[in-house]
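Heads up: the structure comes next, in structure tokens.
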Amino acid sequence: MRSLVFIALVFPSVCQSQATIVDASGREVRPPAKVERVYAAGPPAGLLVFAIAPDKLTGWTRAMRPNEAQFFAEKYAQLPELGRLTGRGNTANVEVVLKAKTDLIVDVGSTGATLASLASQVQEQTKIPYALFDGRIETTPAALRSLGRLMGNEGEAEKLAAWYENELKSARQRVTRVSSHPLVYYGRGVNGLQTGGSGSINVEILDFLGARNAAAEARTGLAAVSLEQVILWNPEVILTTDPNYWKTIWDDARWRGVKAVAAKRVYLSPNLPFGWFDFPPGANRLLGVWWAGKLLYPQAFGDVDLRAKVTEFHRLFYHREPTAAQLDAMLGEPGVSGK
Amino acid sequence: MNSRALTYVLAAGALLGLTALAFAVGRYPVSLGEIFSLLIAKVTGSSHSLPANVETVVMQVRGPRVLAALVVGAALAAAGTAYQGMFRNPLVSPDILGVSTGAALGAVLGIFFSQGIIFIQLFAFAGGLAAVGLVYWIGSRLRGHDPLLALVLTGVVIGTLLGSAIALLKYLADPYNQLPAITYWLLGSLASISPRDLGLAAPLALLGLAPMLLLRWRMNLLALPDDEARALGVDTRKLRTVVVTAATLMTAAAVAVSGIIGWVGLLIPHAARLLVGPDIGRLLPLAMLLGAAFLLAVDTLCRTIATIEVPPGVLTALIGTPFFLWLFALARRSW
């Protein structure tokens, strides 16, 4: 009996097509009869909506820059900039959402009480259903399925969710074969002295890969640490998202004694069209799982063809395969595979 | 020895003791013996058998940071002392003419345009100078007012304008990457000080401190109305320009490497005034000693009490607020 109730809650469409669904924050959202236009409140949401049904996305959070636009078909790259509605600092206003003739508002990311109450308030104001989904890597398949149901694209969403699940499973299986786990430090910002503690969304990939995060003891989200502390941790691998930091670390006497620098194991994550490792904190980070997996565990991930992974992810989620030149540029960027 | 001289000696002694302590503590354990043998090796030019990371920590990381705390603390306290005396106002801080806000705008621009650390610091330094230059230029053109009042009011409004520009950039910045970087810069920190930062900021700060120390006895006259000072044979306009230039130079140099660290420039002049009275000639050297010691103590706590860095501005405010209130309850004498 309990499992039936569970099924009814999680898969309402199975029971009744117009029944409400429960979003990740526990709010009930009634799926609109027909969804043609979806407003994504932030970049991770835009990415998922676009992956499921690119023609239903009304616009990006911010206009695409040329280096990002090159990865998308022109009509999608030119979608208007609508601003973000939630998260840190709104740049959209509710009238913009209304003017875009939106049928559904979606946000993917944190599902805490603040965002839930904002969603309820906007839904009240606009009478447009507003759903929140969890943006973590592990919950991406579930978010894809729920979103697909809300948008009336169950088929497309299921295909993506199943593929994503399979990728995660394949990565997880490789992780179980790993015997030695190097100590990893994630350095953010121009000086590389901001990092993510245990459980922080910024280092979700490290947690997923079962890596030993040097800053695990910090137990905070993003945090600033001192260089002395990093030298004390003495990480064997440093991952970063900041090209300025990656460039300067090699000539900086202060970093010279750190094992990762001496062993030239400092790596810069690719960031186009969306970052691979940290931000935006959405489905895009699957590529970071493969990238970091190969760097941290060269043996267990040795057979992973990063080029093929990028091509497939782009085809499914961005609806266009990168050209050979684009792949060369992306993977040949200084730092992506070390110095 | 009179009591005033004793105050200076005690302050200098406390500063020396604190400096030694600051060198001895940190997240990376370095023993006193190791520091001592490193010091011997450096002075005599002989080799030592210490681990390479011990030398890196002491010479490249902790050493520059300790010295930067001394320089930044002294510079902020000196600028605060000069401005409080000049504007005859106990609530004046080094930022009254917009130097920190201008520096912040410069740094935020640098972060917004994804520049490296050198350009961020350069933008911050230039921003601080430019902001005060603008305030001074406008303020000295507002005729028919008390020149000091015109300067302060211009500083306040221009500061507000620059503040809105910072707010706009924060609003437009990438929320996942740039916004946290901006927030960290605005919180201030000495965590990332490198020998190069110190090499750039310290000479500029000293360049500002030198004329101020030389002119410190005459700076008392800045508090007088212009005509009275002129009767005493002092061109206050010229003197004011020199003092503002010197204070701006050292504050901009300090803020460019440390970000905004509040309270030092406001609190320390009061503490020093309590000890030696309002005469700037006596006040300025003591304020510099106390400012250096205060920021060094705060920064040492910031880098040692937790795995993660504590923003110094938070500690200076926690210490500063009750101290400031206590000071005002205690001191009834005119400052």
Full extension between B:ALA167 and B:VAL9 adds, at 0.36 nm per residue less the Cα distance, a length in nm of 52.4 nm
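What does the accessible area per residue of chain B come to in Å², with a 1.4 Å probe and no ligands, DNA or RNA counted?
It amounts to 43 Å² per residue over chain B.
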Taking the simple approach of a point 7 Å from Cα along Cα-to-Cβ for both B:GLU228 and A:GLN78, what is their distance in nm? 7.2 nm
Along the principal axes of its C-alpha atoms, what lengths does the stretch B:3-330 span, in descending order and rounded to whole Å? 69, 56, 40
Please label the shape of the stretch A:45-143 as rounded, prolate or oblate, based on the square roots a ≥ b ≥ c of the eigenvalues of the alpha-carbon gyration tensor (a/c under 1.5 means rounded; beyond that, a/b larger than b/c means prolate, else oblate). oblate
Percent of Cα-Cα pairs per 20 Å bin, from 0 to the last occupied bin, for the protein assembly as shown, please list those. 17, 42, 30, 11, 1
Between 0 and 90 degrees, rounded to the nearest ten: what's the tilt of helix B:312-330 against the longest Cα principal axis of chain B? 50 degrees
Pair B:HIS48, B:LEU91: separation of 7 Å Cα→Cβ label points (nm): 5.0 nm
Across 5 Å bins from the origin, how do the percents of Cα pairs in the stretch B:76-135 run, short distances first? 5, 22, 21, 20, 15, 9, 6, 3, 0
Which of the trypsin sites (Lys or Arg not before Pro) found in the stretch B:230-335 are loop residues per DSSP with 14 or fewer other Cβ atoms within 10 Å of their Cβ? B:ARG332, B:ARG333
Given the peptides B:203-213, A:143-153, B:285-295, arrange them by the average over their residues of other C-beta atoms within 10 Å, most packed first. B:285-295, A:143-153, B:203-213
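What trypsin sites (Lys or Arg not before Pro) does the stretch A:253-333 have in DSSP loop regions with at most 13 other beta carbons within 10 Å?
A:LYS264
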Accessible area of the stretch B:3-330 with a 1.4 Å probe: how many percent of it is carbon plus sulfur? 73 percent
Chain A - convex hull of the alpha-carbon atoms, volume per residue in Å³: 141 Å³
Please report, as a whole percent, how much of the solvent-accessible surface of chain A comes from carbon and sulfur atoms (probe radius 1.4 Å). 52 percent
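Using the Kyte-Doolittle scale, find the helices of chain A whose mean hydropathy is at least -0.5 and whose Cα atoms extend 18 Å or more along the helix's long axis, counting only whole DSSP H runs.
Membrane-span-like by this rule: A:113-126.
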Buried on assembly, the stretch B:298-327 (at least 30 Å² less accessible surface than by itself, 1.4 Å probe): B:THR307, B:ILE308, B:GLU309
Rounded if a/c under 1.5, otherwise prolate or oblate - the stretch A:207-260, Cα gyration tensor axes: prolate
Chain B, Gaussian network, Cα under 10 Å: of B:SER114, B:SER37, B:SER49, the residue fluctuating most is B:SER49
Lys pairs, chain A - Cα-Cα below 19 angstrom, 8 or more residues apart or on other chains: 25
Report, in whole Å, the centroid distance computed from the Cα atoms of the stretch B:61-110 and the stretch B:144-194. 13 Å
Probe 1.4 Å, protein heavy atoms only: A and B together bury a total accessible area in Å², to the nearest 100, of 2900 Å²
Nearest 10 degrees is fine. How inclined is helix B:32-44 to the longest principal axis of chain B, computing both from alpha carbons? 80 degrees
Find how many whole Å separate the alpha carbon centroid of the stretch B:26-48 from the alpha carbon centroid of the stretch A:203-246. 28 Å
Which of the trypsin sites (Lys or Arg not before Pro) found in the stretch B:98-176 are loop residues per DSSP with 10 or fewer other Cβ atoms within 10 Å of their Cβ? B:ARG141, B:ARG143
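The values are calculated or read from the model by the stated rules, or taken from the named source; none is laboratory data. Note that the structure is a prediction, hence the values are computed from the model and not measured. FYI the Cβ positions are ideal-geometry reconstructions off the backbone, even for glycines, and counts take in every protein chain you see. Note: areas computed on protein heavy atoms with side chains; ligands, DNA, RNA excluded. Shrake-Rupley method; radii C 1.70, N 1.55, O 1.52, S 1.80 Å.
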